[in-house]
Structure formats: C-alpha cells, structure tokens
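Chemist: Quick one: the structure is below, questions incoming.
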Amino acid sequence: MSRPDSRSTILDAARELFSEHGYQAVTIRDIATSAGVSPALVMKHYRSKAELFNEMGPNEIPLAELDLPRSQLGRALVQKILTRREHGVPDPLLVALSHSRESPDPQRTREEIRERLLLRVSDLIGDTTPDRRHASAVSCQILGLAEGVRGLGLFPAESISRDELLDLYGPLVQQQIDACPPPEEPHPTD
C-alpha cells in the first residue's frame with residue numbers, strides 16, 4: 001500500500017533532480033531512490049518519465065503572493081530574483097526555461113509554461129489586452145534578468161550593490177507595468 005503523499009513525494013524528488021541534472025540525465029530509478037519509494041510505485045503513478053516530467057511542470061512561478069500596490073511591482077519582481085540569487089535558491093523562472101528545453105515534448109511544454117506565466121503576470125499587473133502584450137514584456141524582462149544574473153553572472157554582487165541594481169532595473173520593469181492600462185473598476189448597478 002502506498003502512502004497517501006507518495007505522488008507529491010515523487011513530484012518533489014523529480015522536480016529537484018530534473019532542475020539539477022536535466023531531463024536526459026535522470027532515470028526513474030534515480031527519482032524513486034530520491035523519493036524513498038520503489039521504481040514500480042513511480043511507474044504506477046506516472047506511466048513514463050516523460051509523463052512525470054510534464055506532470056511536475058514548473059509549478060513554482062511565484063508571483064501571486066506579491067500583494068503590493070501596482071506602483072511597487074517592478075521593484076518587487078526584481079527583488080525576488082535578486083533574493084533567490086543571494087540565497088542560492090533555484091529560480092523557478094529558470095527552472096521553467098530549462099524544463100521547456102529538456103522536455104520530451106518541447107513545443108507542448110513551452111506552450112503550457114508560456115500560458116501559465118502569462119496568466120500569472122497578467123493577473124498580477126492587470127493586463128486585459130487580448131494578446132497580453134504588457135504581461136509578455138514584463139515576463140521577458142524578468143526572465144532576461146534572471147538568466148543574466150544567474151546564468152551569465154551579469155551584475156555580480158561584488159560589483160554592484162543590491163540597491164543599485166534595484167534602482168537600475170526596477171524602473172525598467174515598472175515602465176512596462178505602468179504602460180498597461182489599469183483594469184476598469186466594476187461600475188455599481190443602479
């Protein structure tokens with residue numbers, strides 16, 4: 001009999017292994033060992049490594065907890081990226097990019113990730129445009145910053161202070177947020 005939380009334990013183990021080693025380098029046996037379960041249990045819950053990979057997805061694109069005035073969102077988004085770098089925590093945005101590249105079905109994965117990211121950013125900034133152009137611009141900026149500071153080592157902490165980088169990059173992101181018309185307030189009915 002499997003534990004009630006075995007699915008989430010397997011997903012957590014898979015997420016960590018895939019983010020560290022990539023899709024190709026991880027086996028079902030690796031996931032099972034990390035999760036403390038048998039490979040058979042992994043296969044019972046997920047019919048294949050590809051299904052598990054797509055099921056776990058980049059579930060952590062944490063934006064919703066930013067309950068701030070709209071005028072402060074640009075700086076807060078940049079601050080989240082810098083905080084993850086400073087603490088050596090994997091950046092969910094970069095995990096999402098890696099997930100897309102490593103996926104056994106890259107097109108499907110890319111579309112799913114894009115949709116989730118744009119939905120969350122649209123909700124955060126109030127982008128109601130049909131093509132979500134403002135959410136796309138903000139997403140590109142924060143993805144670029146995350147890749148630049150983590151992947152390429154741009155703006156190293158020893159060369160530019162956190163506050164200087166927040167002052168430099170926060171307004172750039174905020175400019176795109178401010179370009180997005182605020183959602184209309186519902187009109188009271190008479």
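What follows draws every value from the coordinates through simple rules; no lab data is involved. Keep in mind the model is a prediction, meaning the values are calculated, not measured. Here the Cβ positions follow ideal geometry from the backbone for every residue, glycine too, while neighbour counts run over all protein chains shown.
Chemist: So what is the orientation-averaged projected area of the chain, using the convex hull of its C-alpha atoms, in nm²? All intermediate terms of the calculation are to be shown ahead of the outcome.
Modeler: Values: hull surface 56.9 nm².
Averaged projected area of the chain's Cα convex hull equals 14.2 nm².
Chemist: Next question, about the same structure. ³J(HN,Hα) across the range 149-156 via Karplus (A = 6.51, B = -1.76, C = 1.60, θ = phi - 60°), whole Hz, x for Gly/Pro?
Modeler: Ordered by residue, 3J(HN,Hα) equals 6, 8, x, 9, x, 5, 6, x Hz.
Chemist: Quick one: Karplus J couplings for the range 95-103, per residue in order, coefficients 6.51, -1.76, 1.60, θ = phi - 60°, nearest Hz, x for Gly and Pro?
Modeler: 4, 4, 4, 4, 4, 5, 5, 8, 4
Chemist: Could you give the angle, 0 to 90 degrees to the nearest 10, between helix 6-21's Cα long axis and the longest principal axis of the Cα atoms of the chain?
Modeler: Orientation of helix 6-21: about 70 degrees from the principal axis.
Chemist: Continuing with the same structure: I'd like to compare 71-83, 152-164, 19-31: which one has the highest average count of other Cβ atoms within 10 Å, and what's the full order after that? Mind dumping the intermediate values first?
Modeler: Values: 71-83: 19.2, 152-164: 11.4, 19-31: 15.9.
Result, highest mean Cβ count within 10 Å first: 71-83, 19-31, 152-164.
Chemist: Moving on to the next point. Which one of LEU73, TYR23, THR129 has its Cα pushed farthest toward the positive end of the charge dipole of the chain, where Lys and Arg give +1 and Asp and Glu give -1 at the Cβ?
Modeler: Checking the options against the dipole of the chain, the answer is TYR23.
Chemist: State to the nearest 20 debye the size of the charge dipole of the chain about its Cα centre, where the only charges are +1 on K and R beta carbons and -1 on D and E beta carbons. Let's see the in-between values first.
Modeler: Details: 22 positive and 29 negative charges, 154 e Å.
Taking the Cα centre of the chain as origin, the dipole is about 740 debye.
Chemist: Apply 1/(1 + (r/R0)^6) to the Cβ-Cβ distance of HIS21 and LEU152, taking R0 = 22 Å, and write down the FRET efficiency to the nearest 0.05. Mind showing how you got there, number by number?
Modeler: Working: r = 21 Å, r/R0 = 0.94.
Here the calculated transfer efficiency is 0.60.
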